[in-house]
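The values are calculated or read from the model by the stated rules, or taken from the named source; none is laboratory data. Bear in mind that the values here come from a model prediction, so they are computed numbers and not experimental data. With ideal geometry, Cβ positions are generated from the backbone for all residues, glycine too; neighbour counts draw on all protein chains shown.
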Amino acid sequence: MSIEKAIHQKKFGNDYEKAVVNILYTASWLDALTIQSLKPFGISPQQFNVLRILRGANPSVLRLADITERMLDKNSNATRLVEKLRQKGLLEREVCPSNRRQVNISITQKGLDLLAEIDKLSSNWIEPLRLLTKAEAQQLNTLLDKLRNNDE
């Protein structure tokens, strides 16, 4: 479905305006799919992102600042997310013995097991994107990277 039909707008001021609206609309659509996919596991997309960051660093530990820097949603409250995941037993927080002001955060086996479960269903999660060919997906990634790299 075209963006015009999806949002009931007949025309845009220009193609750049249409692209911005299209990207925002598509991001919202993907976010809704992600929320729905993660609902059975009892975690939010932001919590999922934190767990994936920690799994990528495993067996090393990360500081809260390291996690925040790597997060997809820079507006998320990383402190709150980490605490909720700790309460669920999916990660551990430990005060660094050499620097009492630093807290080391690591994923637990329970957290790794949960991600392994989610990974088994990840093909369902990304299924809508399979409408694109591999070349189209690569092109989309290149274009999105180009947009963001202009900001650096």
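Which numbered condition trips up ARG100, out of (1) in a helix (DSSP H, G or I); (2) without any contact (Cβ under 8 Å) to a residue 24 or more places away in the chain; (3) of a type in the set (Lys, Arg)?
If we test ARG100 against (1) in a helix (DSSP H, G or I); (2) without any contact (Cβ under 8 Å) to a residue 24 or more places away in the chain; (3) of a type in the set (Lys, Arg), just (1) comes out false.
For VAL50, which of the numbered conditions (1) assigned to a helix (DSSP H, G or I); (2) exposed (fewer than 12 other Cβ atoms within 10 Å of the Cβ); (3) in contact with a Ser or Thr (Cβ under 9 Å, 6 or more places away or on another chain) fails to hold?
The failed condition is (2).
Among (1) more than 21 Å from ILE126 (Cβ to Cβ); (2) loosely packed, with under 14 Cβ neighbours inside 10 Å; (3) among the basic types (Lys, Arg), there is one condition ARG63 misses while meeting the rest; what is its number?
Of (1) more than 21 Å from ILE126 (Cβ to Cβ); (2) loosely packed, with under 14 Cβ neighbours inside 10 Å; (3) among the basic types (Lys, Arg), only one is false for ARG63: (2).
Quick check: is even one residue across the range 24-44 free of Cβ contacts under 8 Å to residues at least 12 places away in the same chain and over 25 Å from GLU117 (Cα atoms)?
Yes, because at least one residue in the range 24-44 is free of Cβ contacts under 8 Å to residues at least 12 places away in the same chain and over 25 Å from GLU117 (Cα atoms).
Does at least one position in the range 84-93 carry a residue that is in a helix (DSSP H, G or I), surrounded by 12 or more Cβ atoms within 10 Å (Cβ to Cβ) and either among the hydrophobic types (A, V, I, L, M, F, W, C) or at pLDDT below 95 (or both)? Don't jump to the end; show me each part of the working.
First, the residues of the range 84-93 that are in a helix (DSSP H, G or I): 84-87.
Restricting the remaining residues to those that are surrounded by 12 or more Cβ atoms within 10 Å (Cβ to Cβ) gives 84-86.
Still in the running and either among the hydrophobic types (A, V, I, L, M, F, W, C) or at pLDDT below 95 (or both): 85.
Scanning the range 84-93 turns up at least one residue that is in a helix (DSSP H, G or I), surrounded by 12 or more Cβ atoms within 10 Å (Cβ to Cβ) and either among the hydrophobic types (A, V, I, L, M, F, W, C) or at pLDDT below 95 (or both).
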